[in-house]
Amino acid sequence: MTEADPLEVAAWLMAIGRLASEDLPEIAAEALVRGLDSPALRMLAGQARSDVRDSSDLFRAALDELAIKLPDADKAQWHLARRTAGEIVTGRISAARGANELWLAYHKVRDNGDLRIFVGLASTLDDRPEDVEQIEAAIVAAARELLDRPAPRRWIKLMAVPRRSPLTQTMAPDDIEVDPETLPLSDGLRSNLAQWQTYFETTLSGWPASGGFDSEHDAESFVAAGQRLVLQLQDELGAGYHVEYMPEPIRPPGVKLRARSNR
């Protein structure tokens with residue numbers, strides 16, 4: 001991962017509202033020392049820390065003059081998350097501290113599925129202090145994997161739910177329903193998804209008063225069909241997506257068997 005210039009990092013912090021105006025003159029002065037230069041940057045560096053009424057406008061102008069893009073808040077959060085991952089890998093910050101920072105970022109990034117692993121690892125550190133070395137090694141490995149992705153993947157979930165699309169996208173704390181027609185899928189896969197969903201709705205119609213799988217074998221077959229769909233979805237959507245599966249239970253007491261099977 002190429003190290004971002006501190007001026008670019010400051011732009012990310014501005015995008016998420018974490019950059020204090022009184023710090024901008026010093027940030028500009030340090031950028032001039034590093035060899036960056038522009039009219040607005042020089043004006044900003046000359047401002048007094050106590051008089052920064054137009055510092056934000058000057059900072060934005062300097063970024064424009066230096067061809068540094070000011071991202072939206074979500075992209076800025078992702079850039080900062082990858083920066084934290086880089087600091088974990090290089091040892092600039094501890095694995096534990098980095099995982100906790102990425103846990104916080106998880107709640108702020110829209111497409112946050114790729115940060116989910118750090119939530120689990122950070123919480124495991126608290127629960128299993130005797131395994132700290134192995135967990136910290138897993139954090140570093142996950143950080144390296146995160147650095148391999150210049151952009152977050154869209155996390156798509158397959159789950160059979162009555163009267164709803166079987167696909168949802170994980171976005172921040174929510175799962176947003178996704179119409180298969182809006183995804184780059186083949187007509188054949190869309191048809192298979194529709195048939196799988198229709199079979200589920202037909203089988204479970206009237207549940208719990210009526211309906212249900214005839215046997216555990218039928219439930220297992222339905223789950224296996226969903227697993228095949230997940231593989232097909234991942235293949236067609238490609239590396240920019242991660243497809244996960246929330247299957248029906250295939251063993252009692254969770255499996256929804258017909259009432260006569262329980263007599």
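For the reader, a short list of remarks on this structure follows.
- Mean projected area of the Cα convex hull of the range 30-95, taken over all directions, amounts to 6.1 nm².
- Fraction of antiparallel bridges per DSSP, the range 154-262 only, in percent to nearest 5: 55
- The candidate values were [x] 83, 47, 30; [y] 44, 43, 31; [z] 59, 44, 38; the one computed from these coordinates for Cα extents along the principal axes in Å carries the label [x].
- Relative to its residue count, the range 73-147 spans a Cα convex hull of 69 Å³ per residue.
- Taking the C-alpha atoms only, the angle from helix 6-15 to the longest principal axis of the chain is near 60 degrees.
- For the range 153-215, the pair-distance distribution built from all alpha carbon pairs, in bins 10 Å wide starting at 0, is 20, 45, 27, 8, 0 percent.
- The chain - share of DSSP beta bridges that are antiparallel (%, nearest 5): 55
- Per the Cα gyration tensor, the range 171-263 maps to an equivalent ellipsoid with semi-axes of 28, 14, 13 Å, ordered largest to smallest.
- The calculated FRET efficiency for the pair Leu257 and Glu181, based on their C-beta separation and a Förster distance of 22 Å, comes to about 0.05.
- Phi-based couplings in Hz for the range 84-100 (Karplus 6.51, -1.76, 1.60; Gly and Pro marked x): 4, 4, x, 5, 5, 5, 7, x, 5, 10, 5, 4, 5, 5, x, 4, 5
- For the pair Ser215 and His107, the difference between a 0.36 nm per residue extended length and the Cα-Cα distance amounts to 34.8 nm.
- In terms of packing, defined here as the mean over residues of other Cβ atoms within 10 angstrom, the peptides 103-113, 44-54 line up highest first as 103-113, 44-54.
- Look at where the Cα atoms of the range 23-38 and of the range 101-163 average out, and the two centres are 35 Å apart.
- Interchain or long-range residues, amide H under 5 Å from Trp155's placed H: Gly113, Thr170, His242
- Per-residue HN-Hα couplings for the range 149-155 [Karplus 6.51, -1.76, 1.60; θ = phi - 60°; Hz; x = Gly/Pro]: 10, x, 9, x, 6, 7, 8
- Stretchable slack from Leu231 to Thr202, in nm (0.36 nm times residue separation minus alpha-carbon distance): 8.0 nm
- In degrees, nearest ten, helix 24-33 long axis to first principal axis of the chain (Cα): 70
- C-alpha long axis of helix 55-65 to longest principal axis of the chain, angle in °: 80
The numbers here are math on the coordinates, done by the rules we state, and not lab data. These numbers come from a predicted model, not from an experiment. Positions of Cβ are generated from backbone atoms using ideal geometry, with glycine treated the same way; all protein chains shown enter the neighbour counts.
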